[in-house]
Amino acid sequence: MKFPTVEWFEALEKQAEKNSDTFRRLGFCEAAVGVKVLAAENGQTRDRSFLLTFNSYSCNSVEEVDNIEQAADFVMEANFGTWKEMIENITANGGADLSHTLNYLVMPGVPMKVTSHDQLKDDVFSRFISTFQEFFDGAQHVETEFSG
Amino acid sequence: MVSPVTDTIYNSDQKEYIEGLNRGTFDLQWLKDERPTFGVHAKPRNPKRGLTLQDINAAFAGEPEDAPTTRVMAPRGAVYDDDLPDMGYTYNEKYLVWSDNVVALYEEATARQWSATRDIPWDKLKKLPEDIERAECQIATLLSEIEMIAADFPAKWLWQMNQHFHEVKMFLCTQAMDEARHLEVFRKRALANGGGLMHCLTGTEQFLKTILHAPTYVQGSFLMHILGEGIVLDIFRGGEFLAQNETEKEIYRLCMQDEARHVSYGTMHLKYYLENHPDREKALAEMHTLADVAELGIPGFLTNPFIIEPLAVLMGGGVKHIDQGMDAVRLIWGRMREEYLSRCELAGMDRRARTRIPAEAPY
């Protein structure tokens, strides 16, 4: 499955369905999460942005959008290399290690950052962080290709 | 044959009712009464989630009045006797307690509860170098000390809030439970890996006392939800960032979620308060005056060696590299200030031109 594509995120969605007991235990999640892969290092000619809608115990829809800042509560933004390293780390370790969790990557503002036009929506990242981390940790079960 | 009721324990109405029962006559008024909600069928908007407060509020009596005239525990929208006793509530106006996100936050809180015993992988704790263990435990001690304020404070005001605003009271109950769990989890962390409980400071307790004894709910809420818990949210995020093992990672991650809900309520409560206060200008001026004083405590907090040095030791990877670790402290300072100012702005209280919190750490 090629990263970054809608299909790749849908594969994570399917993993979450298989792991539904864990997500139910983490609790209901209502959030519009933006993922932005900056156009660099992988031959992309433009940034690619994906809107992941969580309106259940996990993500229930994925779409590629142009106006991600308007559509999402917050956007996690990083270059291709950072996303690749995070996914490879998750795959290698059966989940993110201590220095590849979402919060670890965004806390200093580099190599990944969270942006939002509204502080309250920025805080949505913190309110559901366990669900988001578990969702991305599902990448360990997805065969990922990183060619641009 | 049943004997007539003569026992003096019963009043005349009760005696009459008992005599009726003994003749086979039932009152059944409650069965005939179709006011106010008989026939209402609240439905889950999202069946996967279940029946939420938002769902039942959409079906009936979901919008609290701005200034209910009752002072009773009877459910909002129910029929009740004319002579119910006055509970003595003092918070009887919606703007004094409400926030527009409180109903959703209550549902979120109940759905995302966790157990400090069951959900933390305590078996992943490993022996740490002494300076690192001490740093973890100094922070765990601080958090175990301060977190319970966010249970004590709402508990003090809860009974004074009119039950017409039951959603606010219910949310504050979840907050109290969250904070009990935070006390628990940090006390457990301090005592689970060889470090133990460490040092508590006068300045910290003074700030906690200011919150606990704030003269009004909105003032205490600002101090606690926006200023205090806003800072603690960044400490939790920093704690996740600096975690030495999966145990600490999970502790901080789960605490982040709880704390962010509290901050979210506090921010939106201040917004509702300011937007709906009968004298908005006066209310805004009073809150600014409070913030002018309260913010002076932030530099004190972030120049306290018992707070910033353990963070720096964790960031640097040991006391030998504490200098490098101060980068994390500077980072947390900047984030705290910016997020605090953004929350105030969102609430309608722009502090950017007025705050005396330095933009950058003085070290």
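Throughout, read-outs are computed from the coordinates displayed, never taken from laboratory work. Note that the structure is a prediction, hence the values are computed from the model and not measured. Virtual Cβ from ideal backbone geometry, glycine too; neighbours counted across all protein chains shown.
Taking 0.36 nm per residue of separation and subtracting the Cα-Cα distance, what length does fully extending B:VAL293 through B:THR117 add? Write out the running numbers ahead of the final one.
Numbers: separation 176, 0.36 × 176 = 63.36 nm, distance 3.93 nm.
The B:VAL293-B:THR117 span can extend by a further 59.4 nm.
Excluding residues fewer than 8 places away in the same chain, name every one of the lysines whose C-alpha is closer than 29 Å to that of B:LYS169.
Candidates past the 8-residue exclusion: A:LYS121, B:LYS43, B:LYS48, B:LYS94, B:LYS156, B:LYS188, B:LYS209, B:LYS271, B:LYS282.
Can you give the log10 of the normalised intensity I(q)/I(0) at q = 0.11 Å⁻¹, computed with Debye over equal Cα scatterers of region B:94-346?
Once normalised to I(0) and log-transformed, intensities are -0.58.
How much FRET efficiency would the formula 1/(1 + (r/R0)^6) give for B:ARG45 and B:LYS126, where r is the Cβ-Cβ distance and R0 is 56 Å, rounded to 0.05?
Calculated value: 0.75.
What is the calculated FRET efficiency for A:ASP66 to A:GLU145, with r their C-beta to C-beta distance and R₀ = 22 Å, to the nearest 0.05?
That gives a FRET efficiency of 0.35.
Would you look at the GNM of chain B, springs on alpha carbons closer than 10 Å, and say which of B:ASP123, B:ASP82, B:ASP27 moves the most?
Maximum fluctuation in the GNM of chain B, among the listed residues, is at B:ASP27.
What value, in deg cm²/dmol to 500, does the helix sum -39500 (n - 2.57) over DSSP H runs of n ≥ 4 give at 222 nm once divided by the residues of chain A?
Counting only the DSSP helices, I get -10500 deg cm²/dmol.
Report Rg(Cα)/(2.2 N^0.38 Å) for region A:21-148, keeping two decimals.
1.00
Picking from B:MET161, B:GLY195, B:MET177, whose Cα lies most toward the positive end of the charge dipole for region B:150-199 (charges on Cβ: Lys, Arg +1; Asp, Glu -1)?
Farthest towards the positive end: B:GLY195.
Binning at 10 Å from 0, report for the protein assembly as shown what percent of all alpha-carbon pair distances ends up in each bin.
Calculated over all Cα pairs of the protein assembly as shown, the distribution is 4, 17, 26, 24, 16, 7, 4, 2, 1, 0 percent.
In units of 2.2 N^0.38 Å, what is the alpha-carbon radius of gyration of region B:218-363?
Numbers: Rg = 16.4 Å, N = 146, 2.2 N^0.38 = 14.6 Å.
After normalising by residue count via 2.2 N^0.38 Å, the value is 1.12.
Apply the Kirkwood formula to region B:1-139: the hydrodynamic radius equals the inverse of the mean of 1/r over all pairs of different alpha-carbon atoms; give it in Å with one decimal. Mind dumping the intermediate values first?
Values: mean 1/r = 0.0460 Å⁻¹.
Result for region B:1-139 stands at 21.7 Å.
What is the distance, in nm, between label points placed 7 Å from the Cα along the Cα-to-Cβ direction at B:ALA155 and at B:ASN245?
Taking the simple label geometry, B:ALA155 and B:ASN245 are separated by 3.1 nm.
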